[in-house]
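Asker: The structure's right below; bear with me while I get my questions together.
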Amino acid sequence: RTEGRAKVHFTIVAGNRSFDCEGYDGLSLLDIIKHQDSAGAQELAEVLECACSGIMACSTCQVIVHPDWFERVGEPEEEEQDMLDLAFDPQPTSRLGCQLVLKPELEGLVLTIPSGANNLFDHIPFE
Ligand code: FES
């Protein structure tokens, strides 16, 4: 349910493209891609893979938070950090897009999509 929730606007920079997105308070970047009902969701889906659908097993959803915003976004939990350590060229302000949840104080947030991605999900040996 998104009724009554604040809309949060943010900017995604991917290579030489930059686009404006929006999503409701409480939704992760992955949720926005899944719902596809807000501005920028389509573009976000094109640049952010989310190969494991949010179970923190792939690192393809890595985003780099602009340093000015990192304190408001917050540090990753330990499990998220473990996955980020295996991500493509992780940065001190990297977060997983499936774990980064919008909140009203993130209005105006700027995120960059890395130029590559490691998909660790491909390497999980399923029985
Ligand atoms: Fe796989 Fe985020 S979607 S770790």
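Asker: Restricting to Cα pairs below 8 Å that are 6+ residues apart, what does the relative contact order work out to for the chain? Please round to a whole percent.
Answerer: Numbers: 238 pairs, mean separation 44.3, N = 127.
The normalised contact order for the chain reaches 35 percent.
Asker: Among 29-36, 12-19, how do they line up from the highest to the lowest mean number of other beta-carbon atoms within 10 Å? Write down the numbers at each step before the final one.
Answerer: Values: 29-36: 19.8, 12-19: 13.5.
Ranking the peptides 29-36, 12-19 by packing returns 29-36, 12-19.
Asker: So what J values fall out for the stretch 104-116 if you push phi through Karplus, 6.51 cos²θ - 1.76 cosθ + 1.60 with θ = phi - 60°, rounded to Hz, Gly and Pro as x?
Answerer: x, 6, 9, 4, x, 3, 10, 10, 10, 8, x, 7, x
Asker: Go through 69-80, 49-60, 95-106 and give me the packing order, highest mean Cβ count within 10 Å leading.
Answerer: 95-106, 49-60, 69-80
Asker: What's the local net charge at Gly108, with K and R +1, D and E -1, over the other residues with C-beta under 15 Å away? Numbers along the way, then the final one.
Answerer: Numbers: positive: Lys7, Arg72, Lys103; negative: Asp20, Glu22, Asp25, Asp68, Glu71, Glu105, Glu107.
Result for the neighbourhood of Gly108: -4.
Asker: Something else about it: Apply the Karplus curve 6.51 cos²θ - 1.76 cosθ + 1.60, θ = phi - 60°, to the phi angles in the stretch 33-45 and return the couplings in whole Hz, x for Gly and Pro.
Answerer: Ordered by residue, 3J(HN,Hα) equals 4, 5, 6, 6, 10, 9, 4, x, 4, 5, 5, 4, 5 Hz.
Asker: Give the residue from Leu120, Leu86, Thr11 lying farthest towards the positive end of the charge dipole for the chain; charges sit on Cβ (+1 for Lys and Arg, -1 for Asp and Glu) and the dipole is referred to the Cα centre.
Answerer: Thr11
Asker: Another question about this same structure. With Cβ to Cβ distances under 15 Å as the rule, what net charge do the other residues near Gly40 carry (K, R +1; D, E -1)? Numbers along the way, then the final one.
Answerer: On the way: positive: Lys7, Arg17, Lys34; negative: Asp20, Glu22, Asp31, Asp37, Glu43, Glu46, Glu107.
The answer is -4.
Read-outs: derived from the displayed coordinates by stated rules, not from any lab. Quick caveat, the model's predicted, so the values are computed rather than measured. Don't worry about glycine lacking a Cβ; one is built from the backbone with ideal geometry, like all the others, and counts go over all protein chains shown.
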